[in-house]
Amino acid sequence: MTDAPLVLAVPSKGRLQENANAFFARAGLPVVQQGSERSYRGRIGGLPDVEVAFLSASEITRELAAGSVHLGITGRDLVEEEVSDFAQRLDLVLPLGFGHADVVVAVPEAWIDVRCMADLDDVAADFRSRHSRWLTVATKYVNLTRRFFTHHGIADYRIVESLGATEGAPASGAADLIVDITSTGSTLAANALKIVGDGVILQSEAHLVASLSATWSGAARGALRTIIDRIEAESAGRSLREIRADVADPEGAAKVAADRFGATTPFGMPSGHLLLHCPAAKVYACAEWLRTGAGARTVAVSRLDTVFSATSPLAEHLLGRIDGRARG
Ligand SMILES: Nc1ncnc2c1ncn2[C@@H]1O[C@H](COP(=O)(O)OP(=O)(O)OP(=O)(O)O)[C@@H](O)[C@H]1O
Ligand SMILES: O=P(O)(O)OC[C@H]1O[C@H](OP(=O)(O)OP(=O)(O)O)[C@H](O)[C@@H]1O
Ligand SMILES: [Mg+2]
């Protein structure tokens, strides 16, 4: 079908739901539920070639891999856990600035001798002769755990697959230690568990993910350009700050700001004063230099909502990969 719509999967519950909806609204892509409150289909206001599917984050990951949805929001942890060949099947288009959480190895606080993965290796190696059973790890991140433990040379353990309340496993005796996701750390603390020093397996964040296995119609490609354009503009708005300063030599100052802080002059030198777009992380260093090094008396910094560019390297790159798959 040349005009089949783009299917966009949006988290319908859980940790990512609220942030995902707010994110689309900020990017000028308002998600509208169709029919009743409980309907699992929706649309994006103003984009007729897009159909929205409301799914859980892990379902989104699987459907992207299977090619039954084109674009979706999900966590990097789920992508790496559930899709072994994700680098070929999926494109992690853009991190979205929310849903930050770490997948970690955690052991009982009472294990005072276990500070790093090498200590855990020692425990694992002795465990069977001491306790006449394998050391056990409760987790739903079975693949991430296996890869990480192998990387640290740990082989003497067994995984106990956990479907919920993983942090309770050591206290209940279901397993000796756990691998789970954490953001504030309060669930680990409440269960008297501590993160092993070098036991952070993955730092996760919500991403916009595209399926390379899906069939992309002409209409779906067109919708993809529009969606990426708006999301890229939102992302640029979030990661840049506008700086204005009254310096004597705006052109000289712009050169230094570009070299040292990665700042750009998107509008040239309007009426001879300096207007920069500076990466948010460099704003304080840049503002400091403008005063001490370039003689500015005032430096004004503002947030930007959205910054549109004439070209979209992200969309071009992604369409290139989609075409490559279609041909190959
Ligand atoms: N503190 C947190 N704990 C768990 N997940 C978090 C946290 N912060 C962000 N996330 C992210 O939320 C996503 C998982 O969402 P959630 O647990 O709500 O859905 P799910 O796992 O698909 O559904 P369910 O838990 O019902 O199986 C993951 O990608 C994860 O990285
Ligand atoms: O570090 P913290 O802020 O304490 O968060 C960690 C907890 O959050 C997640 O569970 P969630 O609340 O998403 O419920 P779930 O297990 O049903 O997915 C995760 O499985 C942890 O239990
Ligand atoms: Mg969950």
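A short reminder: the numbers here are calculations on the coordinates, not readings from a lab. Quick caveat: nothing in here was measured; it's all calculated off a predicted structure. Please note: Cβ atoms are built from the backbone with ideal geometry, for glycine as well, and neighbour counts cover all protein chains shown.
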- State to the nearest 20 debye the size of the charge dipole of the chain about its Cα centre, where the only charges are +1 on K and R beta carbons and -1 on D and E beta carbons. 500 debye
- Query: Going by average Cβ neighbours within 10 Å, how do the peptides 219-232, 88-101 rank, with the highest at the top?
  - Reply: 219-232, 88-101
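Within 10 Å of each residue's Cβ, count the other Cβ atoms and sort 255, 282 from fewest upward. Don't jump to the answer; show the numbers that get you there.
Numbers: 255 12, 282 17.
Listed from fewest to most nearby Cβ atoms, that is 255, 282.
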- Note on the structure: Computed ³J(HN,Hα) along the range 254-262: with the Karplus parameters 6.51/-1.76/1.60, θ = phi - 60°, integer Hz and x for glycine or proline, the list is 5, 4, 5, 4, 5, 5, 8, 10, x
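For residue 203 and residue 118, FRET efficiency with R0 = 25 Å and r from the beta-carbon atoms, rounded to 0.05? All intermediate terms of the calculation are to be shown ahead of the outcome.
On the way: r = 21 Å, r/R0 = 0.85.
Efficiency at R0 = 25 Å is approximately 0.75.
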- Could you list 13, 140 in order of exposure, starting from the residue whose Cβ has the fewest other Cβ atoms within 10 Å? 13, 140
- Item | Listed residue pairs exceeding 30 Å between alpha carbons, taken from 13/282; 13/140; 194/282 | 13/282; 194/282
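To the nearest whole percent, what portion of all C-alpha pairs in the chain is separated by more than 27 angstrom? Walk me through the numbers before you get to the answer.
Details: 30713 of 53628 pairs.
Pairs farther apart than 27 Å: 57 percent.
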- Amide H of residue 100: which non-local residues (sequence gap of 5 or more, or other chain) have their own amide H closer than 5 Å, using H built in the peptide plane? 206
- Note on the structure: Output for the range 28-105: GluC sites (Glu not before Pro) sitting in coil per DSSP, at most 10 other Cβ within 10 Å, listed by number, reads 37
- Applying 1/(1 + (r/R0)^6) with R0 = 51 Å to the Cβ-Cβ distance of residue 192 and residue 310, what FRET efficiency is obtained, to the nearest 0.05? 0.35
- Query: Once phi is turned into θ = phi - 60°, what whole-Hz ³J(HN,Hα) does the Karplus curve with 6.51, -1.76 and 1.60 give for every residue of the range 220-232, x standing for Gly and Pro?
  - Reply: 5, 5, x, 5, 4, 4, 5, 5, 5, 4, 6, 5, 5
- Query: Fewest first, what order do 117, 269 take by the number of other Cβ atoms within 10 Å?
  - Reply: 269, 117
- Taking 0.36 nm per residue of separation between residue 34 and residue 171 and subtracting their Cα-Cα distance, the length gained on full extension comes to 44.8 nm
- Item | Amide H within-cut-off set for residue 162, under 5 Å, with H built and near neighbours excluded | 139, 140
- Whole-Å distance linking the alpha carbon centroid of the range 249-271 with that of the range 1-52 is 39 Å
- Query: Hey, what angle do you get for helix 117-131 against the long axis of the chain, alpha-carbon based, 0 to 90 degrees rounded to 10?
  - Reply: 20 degrees
- Taking θ as phi - 60°, what are the ³J(HN,Hα) couplings along the range 277-291 by the Karplus curve (6.51, -1.76, 1.60), each to the nearest whole Hz, with x for Gly and Pro? 10, 10, x, 3, 5, 9, 4, 5, 4, 5, 5, 5, 5, 4, 7
- For residue 74, enumerate residues with amide H under 5 Å from its amide H, sequence gap 5+ or separate chain, H modeled in the peptide plane. 207, 209
